[in-house]
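The values are calculated or read from the model by the stated rules, or taken from the named source; none is laboratory data. Note that the coordinates shown come from a computational prediction; the quantities given were computed from them, not determined experimentally. Note that we place each Cβ from the backbone using ideal geometry, even for glycine, and neighbour counts take in every protein chain shown. Only protein heavy atoms, including side chains, enter the accessible area calculation; ligands, DNA and RNA are left aside. Shrake-Rupley method; radii C 1.70, N 1.55, O 1.52, S 1.80 Å.
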Amino acid sequence: MDDIYDVQGLRLSLADMARKPLFGPAPRLEILKGLTFRIRRGEIVGIVGGSGSGKSTLGRALLRLLEPSGGRVLFEGTDITHLPEAALRPYRRRIQMIFQDPMSSLNPRHRVGQIIAAPLILHGVEAPHETALRALDQVGLPRSFASRYPHELSGGQRQRVGIARAIALRPDFILADEIVSGLDVSSQAQVLAILKDRVRDLGLTLAFISHDLSVIRRLCDRVIVLYQGQIVEDGPCDEVFAHPQAAYTRELLAAIPDPDPDTDWF
Ligand SMILES: Nc1ncnc2c1ncn2[C@@H]1O[C@H](COP(=O)(O)OP(=O)(O)OP(=O)(O)O)[C@@H](O)[C@H]1O
Ligand SMILES: [Mg+2]
């Protein structure tokens, strides 16, 4: 079995600053309450749940931007749960992230070409500038966009730059956190189609965080449903959508508006 991630009983608690006493440590708030799941190579997994259910926190734990307080996270069989930053370095190229708000994740003072090339240079990738231009091709943006600044792009184009920056590094795994929630329906469809095509033809593995089940249904092979820091459902999209087991999943499904027949989904 070829797992990218094998997550066993993942727990994560954070300091609850809202209830911090004047003196002494803040009480801990358990955000992730023992999550067990796997992500297989080549899979597109949706992670869905309401606001505050722990989706972004889970993403940050998978990327080891946060250190779990319990359980284990194995990446390709290696236990990365408590690896120190120096030992995590090789994984920092192989695990990439695309953020929700490209205006804050793309440096506004850098041109698009620099934005995509900078991590390539950092990780010592050969021919970083040519690789960056190829990444623009791969997300369907003209090479001339390399000399533009982020504010000179539309929201959908900015998200394509985010995708280009992530795929240029040839990672094994990409985490995308709410990357289309700020876009209108037709740019959403375009960005998702490009993301799905590149993930498939580069053989990547993708975890796609969204509160929108209709997007997950169109994109993902499997879906994990989070509710208050716990997994309430995990299964192939077709099965979960046809026969949801958890009451919470049924609630989410009931809330999906009818698809717009004019939208050209992939
Ligand atoms: N740095 C932090 N310190 C303390 N609590 C936090 C911190 N970050 C998140 N939380 C809390 O953890 C819980 C889960 O937050 P998280 O951001 O993972 O939710 P989410 O599912 O991504 O929500 P959304 O859909 O709104 O993005 C929330 O109750 C939140 O208030
Ligand atoms: Mg979030």
>> Go through (1) under 16 Å from the mean Cα position of the chain (by Cα); (2) open to solvent by less than 30 Å² (accessible area, probe 1.4 Å) for R41 and report which single condition fails.
In response: (2)
> If a residue has to be closer than 25 Å to L202 by Cα, near ligand 2 (Cβ under 9 Å from one of its atoms) and basic (K, R) to count, how many in segment 39-61 make the cut?
Replying inline: 0
> Can you tell me which residues in segment 71-100 are part of a strand (DSSP E or B), surrounded by 15 or more Cβ atoms within 10 Å (Cβ to Cβ) and either away from ligand 2 (no atom under 16 Å from the Cβ) or β-branched (V, I, T) (or both)?
Replying inline: G71, R72, V73, L74, F75, I95, Q96, I98
>> Filter segment 116-139 down to the residues that are in contact with a helix residue (DSSP H, G or I) (Cβ under 7 Å, 6 or more places away or on another chain) and assigned to a loop (DSSP other than H, G, I, E, B) and list them by number.
In response: H123, V125, V139
> Taking segment 101-112, which residues are assigned to a helix (DSSP H, G or I) and either touching a Gly at 6+ places or on another chain (Cβ under 9 Å) or buried (at least 21 other Cβ atoms within 10 Å of the Cβ) (or both)?
Replying inline: P102, M103, S105, V112
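Go through segment 114-142 residue by residue and tally those that are of a type in the set (S, T, N, Q) and open to solvent by less than 80 Å² (accessible area, probe 1.4 Å). Talk me through it step by step, then tell me what you get.
Looking only at segment 114-142, we keep the residues that are of a type in the set (S, T, N, Q), and these are 114, 131, 138.
If we keep only those that are open to solvent by less than 80 Å² (accessible area, probe 1.4 Å) too, we end up with 131, 138.
Count: 2.
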> Of (1) basic (K, R); (2) within 13 Å of ligand 1 (Cβ to nearest atom); (3) in a loop (DSSP other than H, G, I, E, B), R64 satisfies all except one. Which?
Replying inline: (2)
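To keep it simple, each residue is scored yes or no on (1) of a type in the set (F, W, Y); (2) touching a Ser or Thr at 6+ places or on another chain (Cβ under 6 Å); (3) within 15 Å of ligand 1 (Cβ to nearest atom).
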site	(1), (2), (3)
L35	no, no, yes
I47	no, no, yes
T57	no, no, yes
P68	no, yes, yes
E76	no, no, no
R89	no, no, no
Q96	no, no, no
P108	no, no, no
> How about segment 140-238: which strands (runs of 3 or more DSSP E) wholly inside it have at least 2 residues that are under 28 Å from I121 (Cβ atoms)?
Replying inline: 173-177, 205-210
>> Give me the residue from segment 1-38 that is open to solvent by less than 40 Å² (accessible area, probe 1.4 Å) and of a type in the set (D, E) and, out of that set, nearest to ligand 2 (Cβ to nearest atom).
In response: D16
